[in-house]
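The values are calculated or read from the model by the stated rules, or taken from the named source; none is laboratory data. Computed from a predicted structure; not experimentally measured. Note that each Cβ is placed from the backbone with ideal geometry, even for glycine, and that neighbours are counted across all protein chains shown. Keep in mind that these areas ignore ligands, DNA and RNA; they rest on the heavy atoms of the full protein, side chains included. Shrake-Rupley method; radii C 1.70, N 1.55, O 1.52, S 1.80 Å.
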Amino acid sequence: MSGFSRREVMRVGAVGSAMVAGAAVASPLNGPRMLPEELDKDSFAAAVKELRAIVGDDWVFADPESTVSYRKTFIPDTKGNHIPSGAVAPASVEEVQAILKVANKYKLPMWPISTGKNMGYGCATPASSGQMVLDLKRMNRILDFDAELGTILVEPGVTYQDIHDYIEENDLPYWIDVPTVGPIVSMVGNTLERGVGYTPYGDHFFMQCGMEVCLADGTLLKTGMGSIDKGNTWQAFKWGYGPYLDGIFTQSNFGVVTKLGMWLMPKPPVYKPFVVRYPNMEDVAKATDTIRPFRMNNLIPNGVLIMGALYQLAMFEQRANLSDTDGPIPDAIIKAEAEKNGLGMWNVYFALYGTEETIAATEPIIRGAFEASGGEVLTDEEMNGNPWFEHHKTLMRGGMTLEEIGLVRWWGAEGGAVAFAPVAPAKGSETNGQTELAKRIMESYGFDYAPAYAVGGRELHHIIFLMFDHGSEDSSQRAEKCMEEMITEFGARGWAAYRSSVSTMDLVAQQYGEANREVNARLKDALDPNHIIAPGKQGIA
Ligand SMILES: Cc1cc2nc3c(=O)[nH]c(=O)nc-3n(C[C@H](O)[C@H](O)[C@H](O)COP(=O)(O)OP(=O)(O)OC[C@H]3O[C@@H](n4cnc5c(N)ncnc54)[C@H](O)[C@@H]3O)c2cc1C
């Protein structure tokens, strides 16, 4: 095999750590620019020169000052394991192809991002230091919008806000489905990470239809129906013919996705959001068992969030305003603060979509089941402008809101948060054990447990934001250890994460077993023999 062997590629990260550990710097942000191990300074400079010839001087960033924004991250990185060597921002597919040619020539690994706002998972930073960020934000065109089919084809740099504005400006009868940080993030990056939103179209990869992928050797692949001569069904039919390939380009490093198709939800005539309040921590089990049948029979059509009180409070409050304790905030304080703000210890958000008649028919059935489980069912009328209700009301209709970003500032302006989302079957019996385990581990490291659960269909995501003080070395180190322990302990009980921050990709990949890793490794060798696309992504060297 020419170029990097798998083991050599892994060393790119290891050497990066050693270099920063050796440097006397308080934060990796101030540390030295990292180079891939295989590249000496001269070769890197030669590669940069060739990249400049492709995209122009203004779009290659290869010095510490101009790469600061690419190094900014909310996750802890005390060893400097995730520092890019630079960034290059192409404006077209042809430029992506030319860049990958240079990357192959110099064995310079490229870490593709769409808008680079993978917050809680590493933002734009790579899985190992030395990789160059391949920033696709300049490729930001909405290429097609079929108003009859409600389908869209976009480039990586298109944000949900762009699509929202396009729909408004053209008065189109559709909603988009957004993650909670929709305005500033991309449909492509979010969907490739298999991200989620909160309308009935919330499973983004499920609603994705057709992609264009640039492989490491420059080959352009259009998946599904995209490669048919004169075809016009690329965004209408997902599966195409033969093996279904789209999946292997999500959460992977097998190619650079340059176009992505998506289905949009027809705007319903009537939309009615609800919250169900539960007073006690252990009620999460009853809530889950009540939601599951309605998700399975689709009487509740959207992914349901079960939001913990502290998660909700952290959206709008900094920790210092709630407590001056060093250790974790006691439940009694959280409960009192929640009650003061019209919140329960758990708050279940769901919505009904349809006509007055269909909603009138299903609401009593759903309401009855929640009430029988001890929940208090409330609507717009009773919540009367409550900011948390308004936030979720906006999300469940695909509206734009950034309020949840408040979570990353829980400990102060520096901002620190890393996400962990283990998956379990959607059964109440799975919940309290998880809550106890997470709370015990997090509190032993001095952190607050700020949870949410989400019931997609038959599965339950436990969304744990580990909020820490990014400005403190001690807090960052505790956050790293805490996250490793959580992933390990949850994994040992069969609760593995569906996604990972760049700092724990390998750890999570181990839990999915050797056969899985080996198949991924073989695919990588076949599609990217020099391992120049995002080595280390999802634990695939
Ligand atoms: C408070 C808070 C709330 C959040 N809520 C949600 C939520 O509700 N739902 C959710 O899903 N996420 C959520 N996130 C996580 C995250 O911010 C979003 O998923 C966001 O959409 C990812 O950022 P992005 O779109 O800029 O993707 P990017 O950062 O551009 O991409 C993410 C990763 O995908 C890969 N990638 C991106 N583009 C390409 C490409 N063109 N080709 C190949 N690989 C590529 C890369 O590995 C990249 O690192 C939340 C984060 C925070 C802090």
Value in Å of the Kirkwood radius, where the chain supplies the Cα pairs that are averaged: 24.1
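May I ask you to compute the full-extension gain from Arg522 to Glu357, defined as 0.36 nm times their residue separation minus their alpha-carbon distance, rounded to one decimal in nm?
54.0 nm
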Per-residue SASA entry for Asp217, accessible area with 1.4 Å probe, Å² rounded to 10: 110
Shape parameters for region 270-499, alpha-carbon atoms, Rg then Dmax in Å: 17.4, 57
Under 17 Å from Lys427, Cα to Cα: lysines that are on another chain or at least 8 residues apart: Lys286
Rounded percent of accessible protein surface that carbon and sulfur make up, the chain, 1.4 Å probe: 52
HN-Hα J in Hz across region 490-507 - Karplus 6.51, -1.76, 1.60, θ = phi - 60°, x for Gly and Pro: 5, x, 5, 9, x, 9, 9, 6, 8, 6, 8, 6, 4, 7, 10, 4, 5, 4
Rounded accessible area of Arg138 (nearest 10 Å², 1.4 Å probe): 70
Two-site FRET efficiency, Ala320 against Ile228, from Cβ-Cβ distance with R₀ of 51 Å, rounded to 0.05: 0.30
Under Karplus coefficients 6.51, -1.76 and 1.60, residue-wise ³J(HN,Hα) of region 50-56 in Hz, glycine/proline x: 5, 5, 4, 5, 7, 10, x
Unit charges on C-beta of K, R, D, E only; dipole of the chain, Debye: 1240
Simple spin-label estimate for Gln510 and Ala147 in nanometres, 7 Å along Cα-Cβ: 5.6
Residues with amide H under 5 Å from that of Ile463, placed H, sequence gap 5 or more: Ala452, Tyr453, Ala454
Å² of accessible area per residue within the chain, as computed with a 1.4 Å probe and no ligands counted: 39
Antiparallel content of DSSP bridges confined to the chain, in %, to 5: 90
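How fast does region 142-266 diffuse by Stokes-Einstein, in µm²/s, taking the Kirkwood radius from C-alpha pairs at 25 °C and 0.890 mPa s?
169
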Arg138 paired with Lys267, simple spin-label distance in nm, labels 7 Å along Cα-to-beta-carbon: 3.5
Between 0 and 90°, nearest 10: helix 356-372 axis offset from the chain longest Cα axis: 80
In region 393-501, trypsin sites (Lys or Arg not before Pro) in a DSSP loop with at most 15 other beta-carbon atoms within 10 Å: Lys427, Arg458, Arg493
³J(HN,Hα) computed for each position of region 148-162 - Karplus, 6.51 cos²θ - 1.76 cosθ + 1.60, integer Hz, glycine/proline x: 7, 8, x, 10, 9, 10, 10, 8, x, x, 6, 8, 4, 4, 4
Over region 142-266, relative contact order from alpha-carbon pairs under 8 Å, at least 6 apart, %: 31
Members of Lys267/Lys393; Lys137/Lys393; Lys222/Lys259; Lys79/Lys481; Lys41/Lys107; Lys41/Lys117 lying beyond 19 Å, as alpha-carbon distances in this model show: Lys137/Lys393; Lys41/Lys117
Longest exposed-site-free window of the chain, the sites being GluC sites (Glu not before Pro) in a DSSP loop that have at most 14 other C-beta atoms within 10 Å: 149-541
Cut-off under 5 Å, modelled amide H: who pairs with Ala124 long-range: Asn118
Simple label model, 7 Å out from Cα along Cβ direction - Asp331 to Glu169, nm: 5.1
Efficiency of FRET between Thr488 and Val68 - r from beta-carbon atoms, R0 45 angstrom, step 0.05: 0.85
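Hey, got a sec? Which trypsin sites (Lys or Arg not before Pro) in region 215-285 land in a DSSP loop and have at most 11 other Cβ atoms within 10 Å?
Lys230
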Assigned charges on the beta-carbon of Lys, Arg, Asp, Glu; region 270-499 dipole about Cα centre (debye): 680
Within-14-Å neighbourhood charge of Cys482 [Cβ basis; K, R +1; D, E -1]: -4
